[in-house]
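Step one of this worksheet: look at the structure below.
The values are calculated or read from the model by the stated rules, or taken from the named source; none is laboratory data. Since the model is a prediction, treat every value here as computed from it, not as a measurement. Cβ placement follows ideal geometry from the backbone for every residue including glycine, while neighbour counts extend to all protein chains displayed.
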Amino acid sequence: MEERNYIQGILHASKTLLVGLKTSIKIFFEHHETEQYPENRDTLIFSDRNRFCLEMPHNEKNQYKCIACGLCQMACPNDSIHITSEMVETEDGKKKKQLVKYEYNLGQCMFCNLCVTACPHDAIQFNQEFENAVFDKKKLILTLNHPGSTLAEKPRPVVTPKPLETLKTAE
């Protein structure tokens, strides 16, 4: 009886070994693409669903769609958005709320997209800039209603790949 169990154990182990080898061989011959980051920064494109950094689009006259309603600030679960507004009187004599400062703390943001969905005028959106590393946390606090306030518009370091001969001689 023990010999029969022993032989069944060997057959079962051989079967599972062959299933594992079949899977490994199948994966080995599939085509895989490797992104050559950071050399391909200019051509690197992510899906539209990715959320990297909040931005406030504006037109040629530097006008924003934001009406300073504060819905995005209320929707933010960890207070990474702070809106400063003031009441101004229009030409008609009506009082209107105007945006003064739109501060966004990238270091606190958890990229949940609740602020974008809460905005009734589509005044804010997430962009495709993902390189947000800085040495000082204060640089992560961005004022979005001023052009040139995003981290994406700051100069990036130029990375030049080393020649293969240099790498081989260093070893």
Requested in this report: Go through the residues of the stretch 44-58 one by one and say whether even a single one is over 17 Å from LEU142 (Cα atoms), among the small types (Gly, Ala, Ser) and in contact with a Cys (Cβ under 8 Å, 6 or more places away or on another chain).
Outcome: no
Query raised in the report: Where in the stretch 52-114 are there strands (runs of 3 or more DSSP E), lying wholly inside it, with at least 3 residues that are farther than 16 Å from GLN125 by Cα?
Result: 81-89, 95-105
Query raised in the report: Before we move on, is SER47 outside any helix (DSSP H, G or I) and either touching a helix residue (DSSP H, G or I) at 6+ places or on another chain (Cβ under 7 Å) or outside the structural domain of THR117 (by TED's automatic domain parsing) (or both)?
Result: yes
Query raised in the report: Looking at ALA68, is it within 38 Å of the chain's Cα centre (by Cα) and either over 30 Å from LYS97 (Cβ atoms) or among the small types (Gly, Ala, Ser) (or both)?
Result: yes
Query - Matching residues in the stretch 81-99 - criterion: being surrounded by 12 or more Cβ atoms within 10 Å (Cβ to Cβ) and free of Cβ contacts under 8 Å to residues at least 40 places away in the same chain - result: ILE81, HIS82, ILE83, THR84, SER85, LYS96, LYS97, GLN98
Requested in this report: Could you tell me whether any residue of the stretch 22-33 is aromatic (Phe, Trp, Tyr) and in contact (Cβ under 8 Å) with a residue 24 or more places away in the chain?
Outcome: no
Query raised in the report: Taking the stretch 115-147 on its own, how many of its residues are assigned to a loop (DSSP other than H, G, I, E, B) and under 18 Å from the mean Cα position of the chain (by Cα)?
Result: 9
Query raised in the report: Is it fair to say ASN78 is surrounded by 10 or more Cβ atoms within 10 Å (Cβ to Cβ), polar (S, T, N, Q) and under 15 Å from LEU114 (Cα atoms)?
Result: yes
Query raised in the report: Does ASP79 qualify as being in the same structural domain as PRO57 (by TED's automatic domain parsing), among the charged types (D, E, K, R) and either at pLDDT below 90 or in contact with a Cys (Cβ under 9 Å, 6 or more places away or on another chain) (or both)?
Result: no
Report summary line: For the stretch 55-70, pairs from a residue that is in the same structural domain as PHE130 (by TED's automatic domain parsing) and at negative phi to a residue that is among the β-branched types (Val, Ile, Thr) and in a strand (DSSP E or B), with Cβ under 9 Å and 6 or more apart or across chains, are CYS66/ILE83; CYS69/ILE83
Requested in this report: Return yes or no: is HIS12 farther than 30 Å from LEU106 by Cβ and part of a loop (DSSP other than H, G, I, E, B)?
Outcome: no
Query raised in the report: For the stretch 23-65, how many residues meet the condition of being surrounded by 15 or more Cβ atoms within 10 Å (Cβ to Cβ) and over 30 Å from VAL100 (Cβ atoms)?
Result: 0
